[in-house]
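*Asks:* For reference, the structure I am asking about is given below.
Taken together, the values in this text are just the output of simple stated rules run on the coordinates, not laboratory data. What you see is a predicted model, and the numbers here were worked out from it, not measured in a lab. With ideal geometry, Cβ positions are generated from the backbone for all residues, glycine too; neighbour counts draw on all protein chains shown.
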Amino acid sequence: MYSLVFYVPESHLESVKQAVFSAGAGSMGNYDSCCWQVKGQGQFRPTKGATPFLGQVDELESVDEYRVEMVVGDYVKASVLAALLLAHPYEEVAYHFIPIQC
């Protein structure tokens, strides 16, 4: 079992969550679509060669983003990651899987 953590702009929060839920993330016992989320500020600077969804190359950008956390079973990890990368608007998606014990 893993805890998936990812950061997503507010504009794409619901569509990205739905994509990873549909791939099997966020299921616990008799519940599905389970997650925890908190709003914050993301910051980045696209460098030469980047094709940013937001911002301009060589300019510092700040954006309202959500940190989203949910459980992911080992058996759906690959499909959840594929769904996350496909649904997310960013060229470089910030995410991590943390092994957990239940």
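*Asks:* Please sort by residue number the GluC sites (Glu not before Pro) in the range 33-77 whose DSSP state is loop and whose Cβ has at most 14 other Cβ atoms within 10 Å.
*Replies:* Here the GluC sites (Glu not before Pro) that fit, given the DSSP loop and packing criteria, are E59.
*Asks:* Charges at C-beta only: +1 for Lys and Arg, -1 for Asp and Glu. How large is the resulting dipole of the range 2-99 about its Cα centre, in Debye rounded to 20?
*Replies:* Computed about the Cα centre, the dipole is about 200 debye.
*Asks:* Between Y31 and L60, what length in nm is gained on full extension when 0.36 nm per residue of separation is reduced by their alpha carbon distance?
*Replies:* Roughly 6.4 nm would be gained on extension.
*Asks:* Quick one: if you stick a label point 7 Å off each Cα along the C-beta vector at C102 and F53, how many nm between them?
*Replies:* 2.7
*Asks:* How big is the range 62-102 on each of its three principal axes, counting only the C-alpha atoms and giving the largest first in Å?
*Replies:* Computed over the range 62-102, the largest-to-smallest principal extents equal 36, 19, 11 Å.
*Asks:* So what's Rg/Rh here for the chain, counting alpha carbon atoms and using the Kirkwood radius for Rh? Provide the component values of the computation, followed by the final result.
*Replies:* Details: Rg = 14.3 Å, Rh = 14.2 Å.
Radius of gyration relative to Kirkwood radius: 1.01.
*Asks:* Please find the FRET efficiency linking S79 to R45, where r is the Cβ-Cβ separation and R0 is fixed at 35 Å, and quote it to the nearest 0.05.
*Replies:* Taking R0 as 35 Å, the efficiency between S79 and R45 is 0.60.
*Asks:* How charged is the neighbourhood of P89? Take every other residue with its Cβ under 12 Å from the Cβ of P89, and add Lys/Arg as +1 and Asp/Glu as -1.
*Replies:* Net of charged neighbours comes to -4.
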